[in-house]
Structures are given as C-alpha cells and as structure tokens.
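Here the structure is laid out as structure tokens; the discussion comes afterwards.
The values are calculated or read from the model by the stated rules, or taken from the named source; none is laboratory data. Being a predicted model, the structure only gives us computed values, none of them experimental. A quick note on method: Cβ atoms are made from the backbone with ideal geometry, for glycine too, and the neighbour counts reach across all protein chains shown. Heads up: the accessible areas ignore ligands, DNA and RNA and are worked out on the full protein's heavy atoms, side chains in. Shrake-Rupley method; radii C 1.70, N 1.55, O 1.52, S 1.80 Å.
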Amino acid sequence: MQSGDASLQVRIGSGADGVRLDRALADALPDVSRERLKALILQGHVTDERHRPATDPSRKAVAGQAFHITLPPPVASGNEAQPIALSIAYEDEHLIVVDKPAGMVVHPAVGNADGTLVNALLHHCRGQLSGIGGVARPGIVHRIDKDTSGLLVAAKSDRAHEGLARQFAAHSIERRYLAIVGGRPNPASGTVDAPVGRSPANRKKMAIVAGGKRAVTHYRLLAPLADAALVECRLETGRTHQVRVHMASIGHALLGDPVYANRKPACREILATLGFQRQALHAAHLGFIHPVTSNALAFDSEMPSDMRTLRDSLMF
C-alpha cells in the first residue's frame, strides 16, 4: 500500500451470494461506484482473506467471504484549477449547485481549454472531491449551453454522481427555463414532442430528425410582449439545444439565438440597440432528490439583468 492510500474491509452478505463480485462490493459500499470497484479489481487493489488478488470482477461472490480493498488517492484530472468566481446556490459534501453566468462553458474542450465551470469547480472544491472514477474531478451530469445562464448541479463523489445520473436518465429531475421568443405562441400552452438529433445538413446543429432521441418540452406563455413573448419551458427530457430547437420548430425561435433563429430574427432592432447577442434562455428552476440524504431539493434563479432589460424593452 502506498502512502495516502485508504483501505476498506468488506464481507459479502447472504443477499449477495452468487452475484458478480463488483456488484456485490458496490452494494456493500454505496460511496464507491461499481465501475470504480471494477477498475480496482482489475488493477489488483482487491484481495481476499488470504491476500490473494481478486482479478475477475465477474466472478461469483460467496456469502461470508471477506475482501480487503485499497483505495489509492485520486489522481489529478488533467484540467487546471482556476480561481474563477462562482455563484453558489447550494453546496454540501456530496454535491454543488451553481448559478452559471451566460458566456461560461461548462466543460473544457477544443477552443475552450480553460476558464470553464470545471476549471472553477476544481479550484473551489479542492480537497473536497472524493475522486469520481479515481480522478479528482467534479461529476458533470448535465450541461447548459455556453450562452445560456442558470442552474446546474455537479457531484463531488461517486455516490452522488451515480445517484444524480440515475435521476437524469429517469427524467425525474425538474427543470424549468425562462425564454424570450419571437411572436406569441398560440395556443398559449402546449407540448412539443419531437425527436432531436444531429442535423443531416449541418453536423454542428441539432434538428428534429426521425432517428433522433425522444425529446419533450412543455411550454406556457407567461407574458405577451411586443412581437415577442416570455415563456416558461419545462423539460421532460434533456437533449442538446432542446428548448432552442423545439421553440424554433413551432415558429417561435429564441430571441438572440445565432443558430436557430431565421436570417431576419424578430425584434432585431431592439436586439441590436441593446447589444443582446445570445439566446434569451435561462435555467430558472432545478429540483431533484438528494442522492445521499434522499431530501427533496429545489432551487430558483432570478432572470439575469440582460434578459430583464430585453423583456422590459419589449413591454407594451
């Protein structure tokens, strides 16, 4: 065992007799993911009572058998920790909810190697990340576009990451967005149920395509504006650019959207006067079950100042 390693002792319970070893260990250790345990087994960090490595994660567990698990300290993620100011709506030892400003990319990628939310979280959460998958990193379970503002949750441990990911997969996370769109939806409320996938004409865009993933957006009119409207969009699913694609598909593209609005966007004179150059979209509400405590959590974020100014400029 190397300096800094932690260790755990686990005994297989009667209910896990005959199941895969990695699954049996994961059931006994809720703070460590099954994928992490599988990797530890393959790396020789799991030994039986006779100190023999258990190298096959698919071997059958035997009730009463004990195992010793060595947990090496998490390795660095490879991304730079940067002291970037964050607006934090909630934080505990398991997760963090951030109110992201427009203009911030969530995850480092080509063209955005730093200055991202991940870089900021690595600095803010230094020493608190338990090592998701063995790497000291925040668990990003969902994203919002660079030029969309609002609430986003990230995990600080394997257990929180897995629990949040399950809720997103089950579409049980409550997400509501505020959007300012061109025109006035009629009817005033409705549902867009149309699959979203990569556009066959432009791979950098998303579109409603027959082979796309199921996507459902429920919208309702909050306030009529001059040649525009403030609407609330509740996501039943969470696909890339879902709100932007769905609202454009019914003739009400988001104001300022550089991708999905038509060449002569609604209210273009006001947008130009205000210098408003992003899609008018804000993740205003986020609700979920805490993956560790099972408490129901819900957070709300006020519409940012640039969208408020745009809304006020469009009032009758």
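If you go through region 28-43 one residue at a time, do you hit one that is part of a loop (DSSP other than H, G, I, E, B), at pLDDT below 90 and over 19 Å from Arg159 (Cβ atoms)? Don't jump to the end; show me each part of the working.
Of region 28-43, the ones part of a loop (DSSP other than H, G, I, E, B) are 29-33, 43.
Narrowing the set further to residues that are at pLDDT below 90 leaves 29-33, 43.
Checking the rest, the ones that are also over 19 Å from Arg159 (Cβ atoms) come to 43.
Yes, region 28-43 contains at least one residue that is part of a loop (DSSP other than H, G, I, E, B), at pLDDT below 90 and over 19 Å from Arg159 (Cβ atoms).
Within region 25-54, the set of residues being exposed (fewer than 13 other Cβ atoms within 10 Å of the Cβ) and not acidic (Asp, Glu) comprises Gly44, Arg50, His51, Arg52.
Residue under question is Gly78, and the condition is that it be of a type in the set (Gly, Ala, Ser), open to solvent by 50 Å² or more (accessible area, probe 1.4 Å) and within 30 Å of Arg175 (Cβ to Cβ); does it hold? So Gly78 passes the test.
The condition (being modelled with pLDDT of 90 or more, part of a loop (DSSP other than H, G, I, E, B) and farther than 30 Å from Glu302 by Cα) is satisfied by just one residue among Gly4, Gly64: Gly64.
Condition check for Ala170 on (1) within 27 Å of His107 (Cα to Cα); (2) open to solvent by 50 Å² or more (accessible area, probe 1.4 Å); (3) touching a Lys or Arg at 6+ places or on another chain (Cβ under 9 Å): one failure, at (3). Of all the listed residues (Leu254, Leu221, Leu271, Leu225), the sole one being in contact with a Ser or Thr (Cβ under 8 Å, 6 or more places away or on another chain) and of a type outside the set (D, E, K, R) is Leu221.
From Arg278, Arg203, Arg263, grab the single residue that is in a loop (DSSP other than H, G, I, E, B), basic (Lys, Arg) and open to solvent by less than 30 Å² (accessible area, probe 1.4 Å). Outline the logic, then answer.
Details: Arg203 fails: open to solvent by less than 30 Å² (accessible area, probe 1.4 Å); Arg263 fails: open to solvent by less than 30 Å² (accessible area, probe 1.4 Å).
The match here is Arg278.
Scoring Gly15 on the criteria (1) in a helix (DSSP H, G or I); (2) surrounded by 14 or more Cβ atoms within 10 Å (Cβ to Cβ) leaves a single failure, condition (2).
Determine whether region 266-279 contains at least one residue that is modelled with pLDDT under 95, touching a strand residue (DSSP E or B) at 6+ places or on another chain (Cβ under 8 Å) and farther than 19 Å from His142 by Cα. Within region 266-279, one or more residues are modelled with pLDDT under 95, touching a strand residue (DSSP E or B) at 6+ places or on another chain (Cβ under 8 Å) and farther than 19 Å from His142 by Cα.
Restricted to region 81-115, and to residues there that are polar (S, T, N, Q) and in a loop (DSSP other than H, G, I, E, B), the residue that is surrounded by the fewest Cβ atoms within 10 Å (Cβ to Cβ) is Ser87.
The single condition among (1) touching a helix residue (DSSP H, G or I) at 6+ places or on another chain (Cβ under 9 Å); (2) part of a loop (DSSP other than H, G, I, E, B); (3) farther than 30 Å from Gly251 by Cβ that Pro185 does not satisfy is (3).
Taken over region 237-250, the residue count meeting the criterion of being in a loop (DSSP other than H, G, I, E, B) and open to solvent by less than 60 Å² (accessible area, probe 1.4 Å) is 3.
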